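Take a look at the structure set out below.
The values are calculated or read from the model by the stated rules, or taken from the named source; none is laboratory data. Model, not experiment: these values are computed from the prediction. In this analysis, Cβ positions are derived from the backbone assuming ideal geometry, glycine residues included, and neighbour counts consider all displayed protein chains. The accessibility values were calculated without ligands, DNA or RNA, using every heavy atom of the protein model including side chains. Shrake-Rupley method; radii C 1.70, N 1.55, O 1.52, S 1.80 Å.
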Amino acid sequence: MSEEKLYAVRNAEGKYWDFADRDRFKKLTFVTSPTTIIEEDAKDVVHNHGGHFVTLVEEPKKVVLSEKQAEIVEDAHVYMYPAKCITDSHYHAYPEHYIPDDTDNSDGLEELLMNAYVNGYTVKKEKKYNVKVPHVSLYYWEKPDGGIGIDDLNTDNDCFEFTEAEIEHYGLQDCEKEEVTDDEQ
């Protein structure tokens, strides 16, 4: 994959070379063309007229990860910077979650995690659902003790929202469910 780059030349006064007029440095607001795609042109300007060479590269897109994958990347950051993970005066020798050397890379997981480590990442929000109790006008909700309830006395809306994994855990797959939209979350 070839990376498209732009080059600019800026002098000590904060003015930019105009590659369209090719005559002098100007305030950025007056420059017709402050960049070039030809690296040698920018280097020639520095050599002949002074200033310093600036390379502009498009910022890479952040990778979207699951929560588990994000944990792996965070642990890798801790492993790379062990001073961050001092616990009771002990250093962690390895991250809590790591990819063993024999990992099957056929699904591109290792490359995905490396891109996330280098370029940054966002965590994919899991879909959440309100799950209806069959034959009544109530919804299931998760109790603080980890069980589920069906009465309508609960006022904490977050307790009504279940992920697919939680729906399977509680055996609610056969119940009607409504996806919770972003404005409800």
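Residues 160, 30, ordered by accessible area of protein heavy atoms at a 1.4 angstrom probe radius and largest first, appear as 30, 160. The local environment of residue 118, defined by Cβ-Cβ distances under 11 Å, has a net charge of 0 under the rule Lys, Arg +1 and Asp, Glu -1. Only protein heavy atoms count here; under a 1.4 Å probe, residue 148 has an accessible surface of about 50 Å². The residues 26, 128, sorted by heavy-atom accessible surface at 1.4 Å with ligands and nucleic acids left out, run 128, 26 from largest to smallest.
Quick check for you: with a 1.4 Å probe and neighbouring chains kept, what is the accessible area per residue of the range 1-65, in Å²?
Result: 74 Å² of accessible area for each residue.
Neighbours of residue 31, meaning other residues whose beta-carbon lies under 15 angstrom from its beta-carbon, give a summed charge of +1 when Lys and Arg score +1 and Asp and Glu score -1.
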